[in-house]
Amino acid sequence: MRADARRNYTRLLDAARAAFAEHGTEASLEDIARRAGLGIGTLYRHFPTRNDLLEAVFHESVVGLQEQARALLDSPAPGEALMDWLRATAQHATTYQGLAGSLMTSMLDDATSSPSDCHTRMLSAGEALLVRAQESKAVRPDVEIGELLSLVNGLAWAARRSPAGQDRTHRMLELALWGLVPREV
C-alpha cells in the first residue's frame with residue numbers, strides 16, 4: 001500500500017473506532033469518512049462493505065489485547081496480570097457496543113472469518129495468562145479461559161444496560177472474580 005493510502009486507511013480506522021464507540025455499529029459511514037477528513041469514495045475503496053470496516057476495527061482491537069497479554073506474561077504477579085488483562089477485555093467489550101455480535105450475525109457460518117480468528121486469538125492470549133496465574137496458585141485450577149471470557153462479556157453486556165452504565169463494569173468484574181472475600185490491598 002502506498003504511503004498516502006496507508007495514511008488514509010489509518011485515518012478511516014481511527015474515525016470508525018471513535019464512531020462505533022460513540023454510536024454503535026450502525027454509525028453513519030458518511031460521518032466516518034467526514035471524521036477522517038476523506039470522501040466516502042475513499043472509505044469504500046478501502047472497505048467495500050460496512051462489515052469490512054467492522055471487521056478491520058474489531059481485528060485491530062483484538063490484536064491490541066493479544067499484544068497486551070504477551071506483555072503481561074512477564075509480570076511478577078500472574079494473578080494481577082490476568083486481572084489487568086480481563087479489565088482491558090471488559091473495556092473492549094463495553095467500548096465496541098455490539099461489534100462482535102454484528103460481525104457474528106453476518107458471518108455465522110464462515111469459520112475462516114475474522115471473528116472466528118479473533119476468538120481463537122483471545123482464547124490463546126488469555127490461556128497463557130490463566131495458566132501462569134494457576135501455576136502461582138492465584139487462580140483455582142479448574143477455571144477455563146472460555147468461562148472467564150464469557151463472564152467478562154456477560155458483565156460488560158449487563159453494565160451497558162444498567163443505570164450506572166459502563167463505568168461500573170470494572171467494579172462488577174472485581175466482585176465476580178474476587179467475590180466478597182476480603183483481600184489485602
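The values are calculated or read from the model by the stated rules, or taken from the named source; none is laboratory data. Just so it is clear, the structure is predicted and the values come from calculations on it, not from any experiment. Glycine gets a Cβ as well: all are built from the backbone with ideal geometry, and neighbour counts include every protein chain shown.
Listed values, structure above:
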item: Selection count where residues are at pLDDT 90 or above and either farther than 19 Å from residue 19 by Cβ or surrounded by fewer than 17 Cβ atoms within 10 Å (Cβ to Cβ) (or both), scope region 53-68; result: 6
item: Filter result (in contact with a helix residue (DSSP H, G or I) (Cβ under 7 Å, 6 or more places away or on another chain), assigned to a helix (DSSP H, G or I) and surrounded by 15 or more Cβ atoms within 10 Å (Cβ to Cβ)) within region 32-48; result: 32, 33, 35, 36, 42, 43, 46
item: Out of 21, 81, 71, 90, sole residue that is touching a helix residue (DSSP H, G or I) at 6+ places or on another chain (Cβ under 6 Å), assigned to a helix (DSSP H, G or I) and at pLDDT 90 or above; result: 81
item: Given (1) in a helix (DSSP H, G or I); (2) in contact with a helix residue (DSSP H, G or I) (Cβ under 9 Å, 6 or more places away or on another chain); (3) not assigned by TED's automatic domain parsing to the domain that holds residue 159; (4) not hydroxyl-bearing (Ser, Thr, Tyr), index of the condition residue 27 fails; result: (1)
